[in-house]
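Structure provided below as structure tokens; questions to follow.
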Amino acid sequence: MRIDLLCDDAEATPILRDYVTRRMSLAMGRFRNHIQWARVKVADVSGPQGGSDKRCVVQLRLRKLPDVVFAITQLDVRAAIDEAAERVARVLAQRVRRTQGAERNRVAPMQVLPA
């Protein structure tokens, strides 16, 4: 699984890259087998009062499941990344649980026994 980091209007320092990779890797840990790749985009956006907010957009390409895309906006880039990592873990757990539950609830075809 690869994690791509894209930065708009924000410098992609090695420290930021390491932080994103570490937080997202921990959040995706036990679900790695379900993920093909992850893309994390960090950007400066104008807040409603003219301030500079940070947005973290996460896109996950999953195996045999619909893609996951969402955005988090916070005042600080690390806060946005932290909240995004928490949501990644929660969404992956829900998707995998639903898939496994659907597989368990499938009815096996009946076998015809000779008389």
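For region 2-96, build the charge dipole from Cβ charges (+1 Lys, Arg; -1 Asp, Glu) around the Cα centre, then report which of Leu60, Tyr19, Asn33 sits farthest towards its positive end.
My answer, from the dipole projection, is Asn33.
Give the average over all directions of the projected area of the C-alpha convex hull of region 2-96, one decimal, in nm².
Across all orientations, region 2-96 yields a mean hull projection of 5.8 nm².
Every number here is computed from the coordinates shown, using simple stated rules; none is lab data. Since we're looking at a predicted model, the values are computed, not measured. For neighbour counting, all protein chains shown are included, and Cβ atoms are generated from backbone atoms with ideal geometry for every residue, glycine included.
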